[in-house]
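The values are calculated or read from the model by the stated rules, or taken from the named source; none is laboratory data. Computed from a predicted structure; not experimentally measured. To get the accessible areas, we keep the full protein, side chains included, count just its heavy atoms, and leave off ligands, DNA and RNA. Shrake-Rupley method; radii C 1.70, N 1.55, O 1.52, S 1.80 Å.
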Amino acid sequence: MEYKFSDRISNLKPSAIREILKATSTGNTIPFAAGNPAPEAFPVEDVQKITAQILAEQPIQALQYGISEGYTPLRQEIKNYMRKTYNVGGEDDDIIITSGAQQVVDLSTKVLCNEGDVVISEAPSFIGALNTFRSYNARLVGVSVDSDGMNIEELEEKLKSEPKAKLIYTIPNFQNPAGVTMSWEKRVKLYNLAKKYGVMILEDNPYGELRVHGEDVPCIKTLDKDGIVIYSGSFSKILSPGIRVAFTIAPKPVIAKMTVGKQATDVHTPMLTQMLVYRWMTQTDFRAHIRTIRSIYRKKLDLMCGLIDSELGDFVTYVKPEGGLFIWVKLPDSVDMLNFVKTCADNGVAVVPGTAFMMYPEDKTQCIRLNFSTPTDDMIVRGMEIMGEVKKQFI
């Protein structure tokens, strides 16, 4: 049979990162291309204990259907935590539990964008979000990223020239892939521009709890007196990505529409994992756990950055992240970036070419993304030594 796929899916390409991981999944490749949390960062004993408790004490509720908005005790616990800790969420906001933060991007696009509407995004940006926008036939418009976040002057130019702009997508903390953190000054300016031009902001913050250096910068959502910010948070990086529990705090009318959109997608996020997260937040010292994983990632980040300096030196430039999982490294203009990536892979080190994160196939970049959370410390050392040897072939 000849399959005729929809226009929406025909134009999508597989994630370059996932394809690299499949091609290098032999176990012998050093995974600088990944983005998984470190195995030692999982609170395995807590998860085992809590899951057993739930199945012993509330088995039917855990295995039954739930409401689309999410498990009520968890929703309230997250509301309280976000208000007290980050001043996020007001009386005009509500919350919905989603199946991973990727679903927040999907639901935001579903409820706000018609085909042909414009999504303005940092360029480069997270490939999962870009593919979601593409899947709804939204038109992507990129804004370059400076060392302190999105270029605000360029953003305003795009807002002036794009009357169909519906959404500004930003990862303000430890941006994926660039690793940079948006300054408070730029957050205020971004918010004011969105308000001026009548555009919603999707503030994607999956790495916010993973700050290892510097001081926290308030969320854009703390500025939201006008109901224009959708805030996305996740438990993937602090508890477990496999449980697929995330949340969004947004204006009540937006949450109401997201709820309908979610009913058409997966009905609700699994009850067992929602109940697990609730008990984890209320029965354990989860903030101590966050401090522990910050310590793990601080060591790994500092180790990799030190080795970039010693093994690659002036051959590359980069901005050292204050947290997150990734380092965005720029190669010399004289180097064929894709050939460098291939040579690294041939020598047992998988890295992601920067083109995987660009708006359009024709967009050029000399950057590669390195991940420091997945490989062991020994792998980081060996991988950077190999990249140092590869460098010599390109000088």
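A few remarks follow.
- Distant-in-sequence amide H partners of Y169 (H built 1.01 Å from N, under 5 Å): I120, S121, E122, L202
- Percent of Cα pairs in the range 126-222 per distance bin of 10 Å, from zero to the largest separation: 15, 50, 31, 4.
- Considering only I60, I249, I228, the Gaussian network model of the chain with Cα springs below 10 Å gives its largest mean-square fluctuation to I60.
- Phi to ³J(HN,Hα) by Karplus 6.51 cos²θ - 1.76 cosθ + 1.60 over the range 96-101, Hz, x for Gly, Pro: 9, 8, 10, 8, x, 5
- Given K164/K195; K195/K221; K299/K391; K110/K186; K166/K196; K160/K196, the pairs whose alpha carbons are separated by over 19 Å: K299/K391; K110/K186
- More than 25 Å apart - percent of Cα-Cα pairs taken over the chain: 57
- Max mean-square fluctuation residue, GNM over the chain, Cα-Cα springs under 10 Å, options D333, D224, D148: D333
- Computed over protein heavy atoms with a 1.4 Å probe, the accessible surface of the range 119-259 works out to 32 Å² per residue.
- Surface composition of the chain: carbon plus sulfur atoms contribute 51% of the solvent-accessible area (1.4 Å probe, protein chains only, all chains present).
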